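Just below is one structure, and these are the notes that go with it.
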Amino acid sequence: MNITFAGKPSNQSLSNFIDRRTKEVMIEVSGQLLLLLSERLTPPPISVKYRKLLDLNRIPFITLPNGEDPGTYGHDTLEWLLENEFHHMLLDVVKFELRVFYLFAQKNKEFFMNKKKKKINVLRLIKYVSTNRDIGNRMKSIVEILDHNISFGCQTAVVERLGRSLNLIKTDMRTLLGGKH
């Protein structure tokens, strides 16, 4: 008895044909799945920018013992943020405020250090900057960017912690800054 399938070459055994065709379908399906996953798992551009700008534990001039001057670090990221998100801010003002923020973080990193993890507790630093009148008034645009960064979580776990983080930062002390903040 001779069994034939549409598309099967006559010189190929049935098991070889099924094996080859199964592999072809699996490769095609897995390629499409990988494409869909990469689209879903790729972080939004703004979260990549925030990481570069505000992940203080990855910024060498803040973490190294003999910190250097921040110079123009983060200015390209600020330009992108102001073009795409914060249209109402002036670039020169925000660049100056970012420098003030970096110098403050650099100078006070030991105060905000998590001793167990040996990393800067960035949330604690943001809370301090956001609620301290002397510091917060010197960098109102950066405080707004910090608030947006915190509220812009892109992972599921971040969403669960969002309410707590905002409550920690948006305290009654925040009203001392005055204005919109």
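The values are calculated or read from the model by the stated rules, or taken from the named source; none is laboratory data. Bear in mind the structure is a predicted one, so any value in this text is a computation, not a measurement. All Cβ positions, glycine included, derive from the backbone under ideal geometry; neighbour counts span all protein chains shown.
Of the residues making up region 116-152, just one is in contact (Cβ under 8 Å) with a residue 60 or more places away in the chain, assigned to a helix (DSSP H, G or I) and surrounded by fewer than 15 Cβ atoms within 10 Å (Cβ to Cβ), namely His148. The requirement of being at pLDDT 90 or above, among the basic types (Lys, Arg) and surrounded by 16 or more Cβ atoms within 10 Å (Cβ to Cβ) is fulfilled somewhere in region 94-102, by at least one residue.
Considering only residues that are part of a helix (DSSP H, G or I) and farther than 15 Å from Pro45 by Cα, which ones fall in region 74-100? Across region 74-100, the qualifying residues are His75, Leu91, Asp92, Val93, Val94, Lys95, Phe96, Glu97, Leu98, Arg99, Val100. Scanning region 29-68 for residues that are in a loop (DSSP other than H, G, I, E, B) and over 22 Å from Asn121 (Cα atoms) returns Thr42, Pro43, Pro44. In the set (1) touching a helix residue (DSSP H, G or I) at 6+ places or on another chain (Cβ under 6 Å); (2) closer than 13 Å to Asn57 by Cβ, Glu97 fails one condition alone, (2).
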